[in-house]
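Worksheet: one structure, shown below.
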Amino acid sequence: MRRKLAAGNWKMNGIGADLAEFEALARAHPRPDCEILICPPASLLHRAAEAASDTPIAVGGQDCHSEAKGAHTGDISAAMLRDAGASHVILGHSERRADHDERSEDVRAKARAAISEGLTAIICLGESLAEREAANTLDIIAGQMSSSIPDMVTGENLVIAYEPVWAIGTGKVPTLEQIGEVHDSIRAMLEARFGQDIGGAVRLLYGGSVKPSNADEIFAVSNVDGALVGGASLKAADFSGIICALENS
Ligand code: PEP
(Lines give C-alpha, C1' and ligand atoms only; values in the text may rest on other atoms or scores of the structure.)
Protein backbone atom coordinates (compact mmCIF):
# COMPACT_ATOMS: atom_id res chain seq x y z
CA MET A 1 0.00 0.00 0.00
CA ARG A 2 1.35 3.41 -0.95
CA ARG A 3 0.89 6.08 1.73
CA LYS A 4 -0.93 9.04 0.24
CA LEU A 5 0.85 12.38 0.16
CA ALA A 6 -0.53 15.92 0.16
CA ALA A 7 2.37 18.23 -0.72
CA GLY A 8 2.17 22.02 -0.72
CA ASN A 9 4.51 24.18 -2.77
CA TRP A 10 4.52 27.73 -1.41
CA LYS A 11 6.83 28.92 -4.24
CA MET A 12 8.08 32.49 -3.56
CA ASN A 13 5.34 33.17 -1.03
CA GLY A 14 5.43 33.42 2.73
CA ILE A 15 7.07 35.34 5.55
CA GLY A 16 7.25 34.53 9.25
CA ALA A 17 3.66 35.55 9.93
CA ASP A 18 2.42 32.92 7.47
CA LEU A 19 3.72 30.15 9.70
CA ALA A 20 0.40 30.53 11.55
CA GLU A 21 -0.96 28.38 8.70
CA PHE A 22 1.13 25.46 10.03
CA GLU A 23 -0.56 25.77 13.41
CA ALA A 24 -4.02 25.88 11.85
CA LEU A 25 -3.26 22.89 9.63
CA ALA A 26 -1.87 20.85 12.52
CA ARG A 27 -4.96 21.70 14.60
CA ALA A 28 -7.23 20.53 11.77
CA HIS A 29 -5.26 17.30 11.16
CA PRO A 30 -3.77 16.01 14.43
CA ARG A 31 -3.68 12.40 13.16
CA PRO A 32 -3.98 12.51 9.37
CA ASP A 33 -4.54 9.42 7.32
CA CYS A 34 -1.95 10.62 4.80
CA GLU A 35 1.41 12.38 4.77
CA ILE A 36 1.35 16.16 4.78
CA LEU A 37 4.29 18.12 3.42
CA ILE A 38 4.80 21.85 2.99
CA CYS A 39 7.67 23.27 0.96
CA PRO A 40 8.08 26.91 2.00
CA PRO A 41 10.69 29.28 0.57
CA ALA A 42 14.23 28.57 1.81
CA SER A 43 14.16 31.68 4.04
CA LEU A 44 11.39 30.07 6.12
CA LEU A 45 12.57 26.49 6.13
CA HIS A 46 14.21 26.43 9.55
CA ARG A 47 11.35 28.27 11.26
CA ALA A 48 8.83 26.11 9.39
CA ALA A 49 10.57 22.96 10.64
CA GLU A 50 10.33 24.32 14.19
CA ALA A 51 6.66 25.20 13.71
CA ALA A 52 6.05 21.70 12.37
CA SER A 53 7.88 19.82 15.12
CA ASP A 54 5.47 17.76 17.22
CA THR A 55 2.95 17.90 14.37
CA PRO A 56 2.42 15.44 11.50
CA ILE A 57 3.57 18.08 8.98
CA ALA A 58 6.88 17.52 7.19
CA VAL A 59 8.77 20.32 5.48
CA GLY A 60 10.73 20.32 2.26
CA GLY A 61 12.78 22.51 -0.05
CA GLN A 62 11.81 23.71 -3.52
CA ASP A 63 15.16 23.05 -5.20
CA CYS A 64 18.74 22.09 -4.38
CA HIS A 65 22.10 22.31 -6.10
CA SER A 66 23.73 19.17 -7.47
CA GLU A 67 26.96 19.88 -5.58
CA ALA A 68 27.49 19.67 -1.84
CA LYS A 69 29.09 23.13 -1.49
CA GLY A 70 31.09 25.71 -3.34
CA ALA A 71 30.99 28.96 -5.27
CA HIS A 72 27.33 28.99 -6.31
CA THR A 73 25.89 32.30 -5.17
CA GLY A 74 22.24 32.12 -4.22
CA ASP A 75 22.02 28.34 -4.38
CA ILE A 76 21.31 25.86 -1.61
CA SER A 77 22.66 22.33 -1.20
CA ALA A 78 20.81 19.20 -0.18
CA ALA A 79 22.82 19.07 3.05
CA MET A 80 21.75 22.63 3.86
CA LEU A 81 18.09 21.72 3.32
CA ARG A 82 18.50 18.75 5.59
CA ASP A 83 20.30 20.83 8.19
CA ALA A 84 17.38 23.29 8.16
CA GLY A 85 14.92 20.48 8.85
CA ALA A 86 13.76 19.39 5.38
CA SER A 87 12.94 15.76 4.62
CA HIS A 88 11.92 16.28 0.98
CA VAL A 89 12.84 18.50 -1.95
CA ILE A 90 10.88 19.40 -5.08
CA LEU A 91 13.09 19.09 -8.18
CA GLY A 92 12.53 20.00 -11.81
CA HIS A 93 9.39 22.07 -11.23
CA SER A 94 8.33 23.54 -14.57
CA GLU A 95 8.88 27.07 -13.23
CA ARG A 96 12.52 26.18 -12.55
CA ARG A 97 12.84 24.44 -15.91
CA ALA A 98 11.50 27.64 -17.54
CA ASP A 99 13.02 30.38 -15.33
CA HIS A 100 16.42 28.76 -14.75
CA ASP A 101 16.80 26.72 -17.91
CA GLU A 102 16.96 23.47 -15.94
CA ARG A 103 17.29 20.44 -18.19
CA SER A 104 16.30 16.94 -17.22
CA GLU A 105 20.00 16.04 -16.87
CA ASP A 106 20.37 18.83 -14.28
CA VAL A 107 17.33 17.50 -12.45
CA ARG A 108 18.87 14.03 -12.36
CA ALA A 109 22.12 15.39 -10.87
CA LYS A 110 20.14 17.29 -8.24
CA ALA A 111 18.09 14.19 -7.46
CA ARG A 112 21.31 12.20 -6.94
CA ALA A 113 22.55 14.84 -4.53
CA ALA A 114 19.24 14.98 -2.66
CA ILE A 115 18.87 11.23 -2.32
CA SER A 116 22.51 10.81 -1.25
CA GLU A 117 21.80 13.30 1.52
CA GLY A 118 18.78 11.27 2.71
CA LEU A 119 16.09 13.51 1.23
CA THR A 120 13.07 12.29 -0.71
CA ALA A 121 13.17 13.78 -4.20
CA ILE A 122 9.85 14.91 -5.67
CA ILE A 123 10.65 15.02 -9.37
CA CYS A 124 8.21 17.06 -11.49
CA LEU A 125 7.34 16.13 -15.07
CA GLY A 126 4.82 17.60 -17.46
CA GLU A 127 4.04 18.60 -21.00
CA SER A 128 3.40 22.08 -22.41
CA LEU A 129 0.10 22.93 -24.05
CA ALA A 130 1.70 22.72 -27.51
CA GLU A 131 3.03 19.26 -26.71
CA ARG A 132 -0.40 18.15 -25.44
CA GLU A 133 -2.11 19.53 -28.55
CA ALA A 134 0.40 17.76 -30.79
CA ALA A 135 -0.48 14.47 -29.03
CA ASN A 136 3.12 14.18 -27.75
CA THR A 137 2.36 14.02 -24.04
CA LEU A 138 3.35 10.42 -23.37
CA ASP A 139 6.58 10.74 -25.38
CA ILE A 140 7.52 13.93 -23.52
CA ILE A 141 6.84 12.29 -20.17
CA ALA A 142 8.85 9.20 -21.15
CA GLY A 143 11.81 11.39 -22.19
CA GLN A 144 11.67 13.46 -19.00
CA MET A 145 11.48 10.31 -16.90
CA SER A 146 14.43 8.57 -18.44
CA SER A 147 16.61 11.70 -18.27
CA SER A 148 15.49 13.10 -14.88
CA ILE A 149 15.35 10.02 -12.66
CA PRO A 150 18.64 8.56 -11.40
CA ASP A 151 19.20 4.83 -10.98
CA MET A 152 19.52 4.91 -7.20
CA VAL A 153 15.84 5.30 -6.38
CA THR A 154 13.59 3.34 -4.02
CA GLY A 155 9.90 3.53 -3.21
CA GLU A 156 10.78 5.80 -0.29
CA ASN A 157 13.27 8.25 -1.74
CA LEU A 158 11.42 9.09 -4.97
CA VAL A 159 8.04 10.70 -5.59
CA ILE A 160 6.93 11.71 -9.09
CA ALA A 161 4.66 14.71 -9.64
CA TYR A 162 2.86 14.86 -12.98
CA GLU A 163 2.19 18.54 -13.55
CA PRO A 164 1.01 19.60 -17.00
CA VAL A 165 2.66 23.01 -17.48
CA TRP A 166 -0.57 24.49 -18.85
CA ALA A 167 -2.51 23.47 -15.72
CA ILE A 168 -0.20 25.11 -13.16
CA GLY A 169 -1.76 28.21 -11.66
CA THR A 170 -4.22 28.55 -14.54
CA GLY A 171 -7.40 26.97 -13.16
CA LYS A 172 -7.30 24.55 -16.11
CA VAL A 173 -7.23 20.84 -15.31
CA PRO A 174 -6.83 17.90 -17.69
CA THR A 175 -9.74 15.51 -17.97
CA LEU A 176 -9.72 12.63 -15.52
CA GLU A 177 -9.03 10.29 -18.46
CA GLN A 178 -5.98 12.34 -19.42
CA ILE A 179 -4.66 12.28 -15.85
CA GLY A 180 -5.27 8.53 -15.62
CA GLU A 181 -3.57 7.84 -18.93
CA VAL A 182 -0.40 9.68 -17.89
CA HIS A 183 -0.30 8.24 -14.36
CA ASP A 184 -0.83 4.68 -15.64
CA SER A 185 1.92 5.17 -18.17
CA ILE A 186 4.33 6.60 -15.53
CA ARG A 187 3.61 3.58 -13.33
CA ALA A 188 4.28 1.18 -16.23
CA MET A 189 7.56 2.95 -17.07
CA LEU A 190 8.69 2.87 -13.42
CA GLU A 191 7.91 -0.85 -13.16
CA ALA A 192 9.67 -1.59 -16.44
CA ARG A 193 12.82 0.24 -15.33
CA PHE A 194 12.99 -0.51 -11.60
CA GLY A 195 10.94 -3.69 -11.23
CA GLN A 196 7.57 -4.10 -9.59
CA ASP A 197 8.68 -3.72 -5.98
CA ILE A 198 10.25 -0.31 -6.45
CA GLY A 199 8.21 0.85 -9.44
CA GLY A 200 4.99 -0.13 -7.67
CA ALA A 201 5.94 1.67 -4.46
CA VAL A 202 6.86 5.13 -5.83
CA ARG A 203 4.09 7.64 -5.11
CA LEU A 204 2.65 9.52 -8.11
CA LEU A 205 1.19 12.96 -7.41
CA TYR A 206 -0.98 14.99 -9.72
CA GLY A 207 -0.30 18.76 -9.74
CA GLY A 208 -1.99 21.64 -11.54
CA SER A 209 -4.88 23.73 -10.17
CA VAL A 210 -5.94 21.20 -7.53
CA LYS A 211 -8.54 22.75 -5.21
CA PRO A 212 -10.91 21.42 -2.55
CA SER A 213 -13.68 21.45 -5.17
CA ASN A 214 -11.93 19.16 -7.68
CA ALA A 215 -9.75 17.06 -5.37
CA ASP A 216 -12.28 14.25 -4.79
CA GLU A 217 -12.55 13.33 -8.45
CA ILE A 218 -8.82 13.65 -9.10
CA PHE A 219 -7.97 11.39 -6.15
CA ALA A 220 -10.34 8.73 -7.50
CA VAL A 221 -8.19 8.35 -10.65
CA SER A 222 -6.02 5.24 -10.81
CA ASN A 223 -2.40 5.66 -9.76
CA VAL A 224 -3.00 9.10 -8.25
CA ASP A 225 -1.45 8.83 -4.79
CA GLY A 226 -1.84 12.46 -3.80
CA ALA A 227 -1.25 15.97 -5.06
CA LEU A 228 1.38 18.65 -5.38
CA VAL A 229 -0.52 21.85 -4.67
CA GLY A 230 0.57 25.43 -5.30
CA GLY A 231 -1.94 28.23 -4.72
CA ALA A 232 -4.38 26.18 -2.65
CA SER A 233 -1.65 25.16 -0.18
CA LEU A 234 -1.04 28.71 1.04
CA LYS A 235 -4.08 28.85 3.31
CA ALA A 236 -4.69 26.07 5.82
CA ALA A 237 -8.44 26.13 5.14
CA ASP A 238 -7.97 25.36 1.42
CA PHE A 239 -5.19 22.83 1.90
CA SER A 240 -7.20 21.14 4.62
CA GLY A 241 -10.07 20.58 2.18
CA ILE A 242 -7.65 18.82 -0.18
CA ILE A 243 -6.19 16.75 2.67
CA CYS A 244 -9.71 15.65 3.71
CA ALA A 245 -10.46 14.60 0.13
CA LEU A 246 -7.24 12.59 0.03
CA GLU A 247 -7.97 10.93 3.38
CA ASN A 248 -11.40 9.90 2.11
CA SER A 249 -10.21 8.64 -1.29
C1 PEP B 1 2.61 23.84 -8.50
O2 PEP B 1 3.18 24.90 -8.38
O3 PEP B 1 3.26 22.79 -8.40
C4 PEP B 1 1.17 23.82 -8.73
C5 PEP B 1 0.60 22.68 -9.00
O6 PEP B 1 0.52 25.04 -8.64
P7 PEP B 1 -1.09 25.27 -8.61
O8 PEP B 1 -1.67 24.25 -7.66
O9 PEP B 1 -1.25 26.66 -8.13
O10 PEP B 1 -1.59 25.05 -10.01
Charge dipole (the chain, unit charges on Cβ, about Cα centre) - positive-most of Ser87, Gln196, Ala98: Ser87
Euclidean distance between Cα centres, segment 69-111 to segment 193-236, Å: 21 Å
Whole-angstrom Cα spans of segment 5-247 along principal axes, big to small: 45, 44, 34
Segment His46-Ile15, extension gain: residue separation times 0.36 nm, minus the distance between their alpha carbons: 10.0 nm
Value of relative contact order over the chain, rounded to a whole percent, pairs C-alpha under 8 Å and six or more apart: 21 percent
Dipole-positive endmost among Val173, Val221, Ser77 within the chain (Cβ charges, Cα centre): Ser77
Total lysine pairs under 14 Å (Cα atoms) in the chain, excluding pairs fewer than 8 apart on one chain: 4
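May I ask you to compute the full-extension gain from Ala237 to Arg27, defined as 0.36 nm times their residue separation minus their alpha-carbon distance, rounded to one decimal in nm?
Numbers: separation 210, 0.36 × 210 = 75.60 nm, distance 1.10 nm.
Once the chain is fully extended between Ala237 and Arg27, it gains 74.5 nm.
For segment 52-122, which trypsin sites (Lys or Arg not before Pro) are in a loop by DSSP, counting at most 11 other Cβ atoms within 10 Å? Before the final figure, lay out each step's value.
Values: sites: Lys69, Arg82, Arg96, Arg97, Arg103, Arg108, Lys110, Arg112; in loops: Lys69, Arg103.
Listed in order of number, the matching sites are Lys69.
For segment 1-56, which trypsin sites (Lys or Arg not before Pro) are in a loop by DSSP, counting at most 14 other Cβ atoms within 10 Å? Don't skip to the end; give the middle numbers.
Values: sites: Arg2, Arg3, Lys4, Lys11, Arg27, Arg47; in loops: Arg2, Arg3, Lys4, Lys11.
For trypsin sites (Lys or Arg not before Pro) across segment 1-56 that sit outside H, G, I, E and B with at most 14 neighbouring Cβ atoms in 10 Å, the list reads Arg2, Arg3.
Quote the charge dipole size of the chain about the Cα centre in Debye, to the nearest 20; the model charges only the Cβ of Lys and Arg (+1) and of Asp and Glu (-1).
Details: 22 positive and 35 negative charges, 61 e Å.
The calculated dipole for the chain is roughly 300 debye.
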Residue with peak Gaussian network fluctuation, the chain [Cα springs, cutoff 10 Å], from Gly180, Gly155, Gly16: Gly16
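Mind checking the per residue accessible area of segment 1-152 for me, 1.4 Å probe, whole number of Å²?
On the way: 7280 Å² over 152 residues.
Here the residues of segment 1-152 average 48 Å² of exposed surface.
Net charge near Thr137: determine it from the other residues with C-beta under 11 Å of the C-beta of Thr137, scoring Lys and Arg +1 and Asp and Glu -1. Numbers along the way, then the final one.
Details: positive: Arg132; negative: Glu127, Glu131, Glu133, Asp139, Glu181.
Net of charged neighbours comes to -4.
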Projected label distance in nm at Ser128 and Glu217, using a 7 Å step from Cα toward the beta-carbon: 2.9 nm
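Taking the Cα centre of segment 192-248 as origin, work out the dipole magnitude from +1 charges on Lys and Arg Cβ and -1 charges on Asp and Glu Cβ, in debye rounded to 20. Write down the numbers at each step before the final one.
Working: 4 positive and 6 negative charges, 39 e Å.
Using Cβ point charges on Lys, Arg, Asp and Glu, segment 192-248 gives about 180 debye.
The values are calculated or read from the model by the stated rules, or taken from the named source; none is laboratory data. On a predicted model such as this, the values are computed, not experimentally measured, just so you know. Every residue, glycine as well, gets a Cβ built from its backbone with ideal geometry; the counts of neighbours run over all protein chains shown. Just so you know, the surface numbers come from the protein's heavy atoms only, side chains and all, with ligands and any DNA or RNA stripped out. Shrake-Rupley method; radii C 1.70, N 1.55, O 1.52, S 1.80 Å.
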